[in-house]
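For reference, the structure discussed in these notes is given below.
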Amino acid sequence: MPRLAARLWTTRLLTACLLALWAGAAAANCRLALVLAVDVSASVNASEHQLQRQGLAAALTDDAVAEAILEGSGPVALAIFEWSGRQQQQVLQDWLLLDSAEDLTAVADRVRRLPRSYSEFPTAMGYALGFAAGLLQRAPVCLRQVVDVSGDGITNEGFRPQLAYRHFPFDGVTVNGLVVTGDDTRVVPYYRQEVLRGRRAFLEEAQGFEGFEAAMTRKLYRETRELVLGVTPQR
């Protein structure tokens, strides 16, 4: 091999090794990219939306959840959006690496403060999942990727979740669910059959919107403290 060609080959090999080491270090630095997808379709009235927002904010700053998020082997990256119809998805919190209790407090304050995104549209869960997949494409490099879909109803506009999983990039992504139970008895089996996806996917149930805070607290704890599944904070 000519000397110049050998040098070029060596340089490329070293560059590839450095890039691989950098990618591994970046992945190790973030243990979880978590997307919270919150239903604000027409079935969620104003008082229920308020319970949902307040419950999410309280869950994010719960002592056990904060400890699970902040005391792991690397930071958690968080993004939050509200969804309803085909084109109705609104980011409440873009990607943020949660490094401190102050970060969690700031996100919770933002969730409480921002106005409701939409209120008069149907439930297009497939489109919401497609939007979540797009968010994950620009997430920080993390060891795991999880989408958490919460809602009180089933898809009544557009394509279903299983079709979203076939046509959007969900390889290696876990999708968990939080179901708000009420008048629609179909919602729990629908989430179990259509929404849950991937390794260790699970479903939490809130007994009405009054139970949203407790269910979200349990779910966030499980998602961010995966090694101790089955041990949840007392509510």
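The values are calculated or read from the model by the stated rules, or taken from the named source; none is laboratory data. What you see is a predicted model, and the numbers here were worked out from it, not measured in a lab. Neighbour counts are summed over all protein chains in view; Cβ atoms, including those assigned to glycine, are modelled from backbone coordinates with ideal geometry. Heads up: the accessible areas ignore ligands, DNA and RNA and are worked out on the full protein's heavy atoms, side chains in. Shrake-Rupley method; radii C 1.70, N 1.55, O 1.52, S 1.80 Å.
Across the stretch 119-133, in residue order, what do the Karplus-derived ³J(HN,Hα) couplings come to in whole Hz, using 6.51 cos²θ - 1.76 cosθ + 1.60 with θ = phi - 60° and x for Gly and Pro?
8, 10, 10, x, 9, 10, 5, x, 5, 4, 5, x, 5, 4, 4
Could you compute the net charge surrounding VAL179? Neighbours are other residues with a C-beta less than 11 Å from the C-beta of VAL179; K and R count +1, D and E count -1.
Values: positive: ARG186, ARG192, LYS219; negative: ASP39, ASP152, ASP184, GLU204, GLU205.
Taking every other residue near VAL179 into account, the sum is -2.
DSSP loop (so not H, G, I, E, B), at most 16 other Cβ within 10 Å: list which GluC sites (Glu not before Pro) in the stretch 37-120 pass both filters. Write down the numbers at each step before the final one.
Details: sites: GLU48, GLU67, GLU71, GLU82, GLU102, GLU120; in loops: GLU71, GLU120.
Here the sparse-neighbourhood loop sites are GLU71, GLU120.
Taking the simple approach of a point 7 Å from Cα along Cα-to-Cβ for both ARG200 and ARG112, what is their distance in nm?
Roughly 3.1 nm, to one decimal.
Show the residues, 5+ positions off or on another chain, whose built amide H is closer than 5 Å to the amide H of ALA33.
For ALA33, the qualifying residues are ALA77, ARG144, GLN145, VAL146.
Below 11 angstrom from the Cβ of VAL195, what's the summed charge of the other residues (Lys, Arg +1; Asp, Glu -1)? Each step should come with its number before you reach the end.
Values: positive: ARG160, ARG192, ARG197; negative: ASP148, GLU194.
Once positives and negatives cancel, what remains is +1.
Suppose R0 equals 22 Å. What FRET efficiency, 1/(1 + (r/R0)^6) with r the Cβ-Cβ distance, do LEU70 and LEU163 give to the nearest 0.05?
Details: r = 37 Å, r/R0 = 1.69.
Computed FRET efficiency for LEU70 and LEU163 comes out at 0.05.
In what sequence, largest accessible area first, do HIS167, HIS49 appear using a 1.4 Å probe? Before the final figure, lay out each step's value.
Working: HIS167 130, HIS49 15 Å².
From most exposed to least exposed: HIS167, HIS49.
Expressed in nm to one decimal, what extension gain is obtained for the pair THR105 and ALA42 from 0.36 nm per residue of sequence separation less their Cα-Cα distance? Before the final figure, lay out each step's value.
Details: separation 63, 0.36 × 63 = 22.68 nm, distance 2.88 nm.
Full-extension gain reported as 19.8 nm.
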